Amino acid sequence: MKFQRDIYKELSVLEKAVGKEDEGSSNLELFSMEMFENIAYVMEKHADGSIPDMPEEWLDGFGTFSIYQVLPKLIEL
């Protein structure tokens, strides 16, 4: 509801965009990365209501990491 999008459709799009364990063969675009960030934000907001109401503020608190390490675990959830 936060982003007026369907999380299951978003996860399906992300799953299809990521190559089979090969970062070089993936097809992630900036839009896909935004979907990933929104999904991660919504999951965290449900777990901890005290995080900022704006995803950008929440994201500023992190360093960078490879989506290829995190996305498979999120898809499993």
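The values are calculated or read from the model by the stated rules, or taken from the named source; none is laboratory data. As the structure is a computational prediction, the values presented were derived from the model and not from experiment. Cβ coordinates were reconstructed from backbone atoms using ideal geometry, including for glycine residues, and neighbour counts include every protein chain displayed.
A few notes on this one:
- Selection over the range 50-77 of residues that are at pLDDT 90 or above and among the small types (Gly, Ala, Ser) gives a count of 1.
- Taken over the range 47-74, the criterion of being surrounded by 10 or more Cβ atoms within 10 Å (Cβ to Cβ), assigned to a helix (DSSP H, G or I) and not hydrophobic (A, V, I, L, M, F, W, C) is satisfied by Pro55, Glu57, Tyr68, Pro72.
- Residues that are exposed (fewer than 10 other Cβ atoms within 10 Å of the Cβ), assigned to a loop (DSSP other than H, G, I, E, B) and at pLDDT 80 or above are absent from the range 23-34 altogether.
- Matching residues, the range 49-71, being without any contact (Cβ under 8 Å) to a residue 24 or more places away in the chain and either within 21 Å of Arg5 (Cα to Cα) or of a type in the set (A, V, I, L, M, F, W, C) (or both): Gly49, Ile51, Pro52, Asp53, Met54, Pro55, Glu56, Glu57, Trp58, Leu59, Phe62, Phe65
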